[in-house]
1. Considering Cα pairs under 8 angstrom that are at least six residues apart, work out the relative contact order of the chain and quote it in whole percent.
2. Using θ = phi - 60° and the Karplus curve 6.51 cos²θ - 1.76 cosθ + 1.60, what whole-Hz ³J(HN,Hα) does each residue of region 208-214 get, with Gly and Pro shown as x?
3. Could you derive backbone 3J(HN,Hα) for region 68-75 from the dihedral phi with the Karplus parameters 6.51, -1.76 and 1.60 (θ = phi - 60°), listing whole Hz in sequence and x where the residue is Gly or Pro?
4. Which value in nm describes the separation of the simple spin-label points at Ala188 and Ile219, placed 7 Å from the Cα toward the beta carbon?
5. Assuming R0 = 25 Å, can you tell me the calculated FRET efficiency for the pair Arg294 and Arg148, based on Cβ-Cβ distance, to the nearest 0.05?
6. Whose amide H sits under 5 Å from the amide H of Thr118, counting only residues 5 or more places off or on another chain, with H placed in the peptide plane?
7. Tell me the per residue accessible area of the chain using a 1.4 Å probe; a whole number in Å² is fine.
8. Return the loop-located trypsin sites (Lys or Arg not before Pro) in region 289-387 (DSSP other than H, G, I, E, B) with at most 11 other Cβ atoms within 10 Å of their own Cβ; answer none if there are none.
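The values are calculated or read from the model by the stated rules, or taken from the named source; none is laboratory data. Note that the coordinates shown come from a computational prediction; the quantities given were computed from them, not determined experimentally. Cβ placement follows ideal geometry from the backbone for every residue including glycine, while neighbour counts extend to all protein chains displayed. For the accessible areas, the whole protein counts, side chains as well, though only heavy atoms, and no ligand, DNA or RNA atoms are used. Shrake-Rupley method; radii C 1.70, N 1.55, O 1.52, S 1.80 Å.
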Amino acid sequence: MGVIRQRIETLEDSPIVDVFRAGLGRPDVIPMWAGEPDVPTPAFICDAASAALRAGRTFYSYNRGTPALRQALIAYHRRMWDIDLPDERVALTLSGMNAVMQVAQMTVQPGDSVVAVTPSWPNILRAMEINGAQVREVMLVPGNAGWRLDLDAVYAACDATTRVIYLASPGNPTGWMVTRAEAEQLLAFARARGIAILSDEVYHRIVYDRPVGFSFLEIARPDDPVFVVNSFSKAWAMTGWRMGWLVYPAYALPAVEKLIQFNTSGGLEFLQAGCIAALEHGEDFVAAFVARCRAGRDIVNARLDTMPRVRNVPSTGAFYAMFEVEGVSDTVAFCHRAVTEGGIGMAPGTAFGHGAERFVRLCFAKSAENLTEAMDRLERFVRDYRE
Ligand SMILES: Cc1ncc(COP(=O)(O)O)c(C=O)c1O
């Protein structure tokens, strides 16, 4: 009694987890609730990690990742975005989530606010709240052509207490992508106001109209207050490995080193051998995976666009569809019953922020066969559904 901080006790549990629990262990449900592919990590990545494990690379290691992994990350940034990063601006983290938590620990304290572009993956906002910040949500505007950022609304939400602006591009759950012009305006605003930009680029490879997503690093100066969170989870089917990375301004290096030391004391060295393999030999896998996601997106969009009672908001990146169902206001109940009565696992919009309550998200990084069956089930379920 009384030993848990009130801020932690009152944190909201994720409604996604709630629905996930309802369907866990049910083979009759097609799972599309979580943001991950239905294929395991490719063998060449696993082989590199298990060889390193067998070779005895099981000791304490570098806080910011092995020099070899940092070099592989630097080479990857050069290849993807033509950016030359010095070694001191890159750190391995134990997942993208862990990178976000450490940026929160570095930048906010009670009394501060964070302005977040939503709908958003909820864990990011909770990381800010755990560290004492108040989160102000600025919702993307849904329209027939997709989601749109209202930059003036972002600016209006910022005041003297604002320390961080958070955005994810491609976004989860919307699949929205920031344009270079919008990013330039946001960065100019952040620079002028001394606000950090936390750019979440974990879906940078899950794009359909270009080889790689836009990165804030393409426009940021080395000393700009820009923190880029990234992850091995999505592009290389490594969600369970919990490996990610962070790029930060050079002056943040001492803070990053201390936070890693006191949070995790660095990552497992043998897993890092797998990460190097992903970066150096992963392009064929990524290309095939994106092609599979594109096929999934086409199946899902074609069905949702014509499904009675459904309004689909088109996405441009990532592997999610977001849609509304006419006459459905309680999407938590809708998603629960979709599991138990419809055999389909989806995530309720309530999980993603205020204003997203009426939406439902599904992940289409799945086989064509499962998605086709899931869309048949969804159409039947929606047809008969009454609140
Ligand atoms: C927008 C966004 N950021 C960050 C993450 C964290 O990824 P991970 O912790 O698996 O690296 C996720 C995971 O779903 C995400 O959707």
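1. Details: 780 pairs, mean separation 96.5, N = 387.
About 25 percent, as a whole number.
2. After applying 6.51 cos²θ - 1.76 cosθ + 1.60, I find 10, 10, 6, x, 8, x, 4 Hz.
3. Per-residue couplings from phi come out as 5, 5, 4, 5, 5, 5, 4, 5 Hz.
4. 0.9
5. Numbers: r = 23 Å, r/R0 = 0.92.
In this case the efficiency is close to 0.65.
6. Long-range HN contacts for Thr118: Val138, Met139, Leu140.
7. Working: 15850 Å² over 387 residues.
Accessible area per residue, the chain: 41 Å².
8. Arg386
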